[in-house]
Amino acid sequence: MPIRMCAACRGRFEKRELIRIVETSDGGIRVDKAQKAQRRGLYICGGCLPDAQRKKVLERNFRRKIEPEVYERLRAEAADNG
Ligand SMILES: [Zn+2]
């Protein structure tokens, strides 16, 4: 199983344990559940997701302003296993 790094804590995890977040073609940001989108993105571990907003993880990686709603939506999407 491939190993990827969490963008927040730099810890290394099996890919399937991480949450992949990608930038879509229309500039949106979403959770890539299948982890297969050919998009610019990052991985974050479940432990870091609640702190991602405070640590500005997305701002640093996508180099732009991220609305607080985006973080809220990502947390909801990551929690939804359906
Ligand atoms: Zn982490």
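The values are calculated or read from the model by the stated rules, or taken from the named source; none is laboratory data. Since this is a predicted model, take the numbers as computed values, not measurements. Neighbour counts run over all protein chains shown; Cβ positions are idealised from the backbone, glycine included. Remember, those area values only see protein heavy atoms, side chains included, never the ligands or the DNA or RNA. Shrake-Rupley method; radii C 1.70, N 1.55, O 1.52, S 1.80 Å.
Residue count for region 1-16 under the criterion of being modelled with pLDDT under 95 and out of contact with any Lys or Arg (no Cβ under 7 Å at 6 or more places or on another chain): the result is 1. Filtering region 56-70 to residues that are within 12 Å of the chain's Cα centre (by Cα) and surrounded by 15 or more Cβ atoms within 10 Å (Cβ to Cβ) leaves VAL57, LEU58, ASN61, PHE62, VAL70.
Among the residues making up region 33-48, those that are within 16 Å of the ligand (Cβ to nearest atom) and either open to solvent by 50 Å² or more (accessible area, probe 1.4 Å) or within 16 Å of ARG75 (Cβ to Cβ) (or both) are LEU42, TYR43, ILE44, CYS45, GLY46, GLY47, CYS48.
When restricted to residues that are without any contact (Cβ under 8 Å) to a residue 40 or more places away in the chain and surrounded by 10 or more Cβ atoms within 10 Å (Cβ to Cβ), region 1-15 contains 9. Being more than 16 Å from the ligand (Cβ to nearest atom), within 12 Å of the chain's Cα centre (by Cα) and part of a strand (DSSP E or B) holds for only one residue in ARG73, ARG20, ARG30, and it is ARG30.
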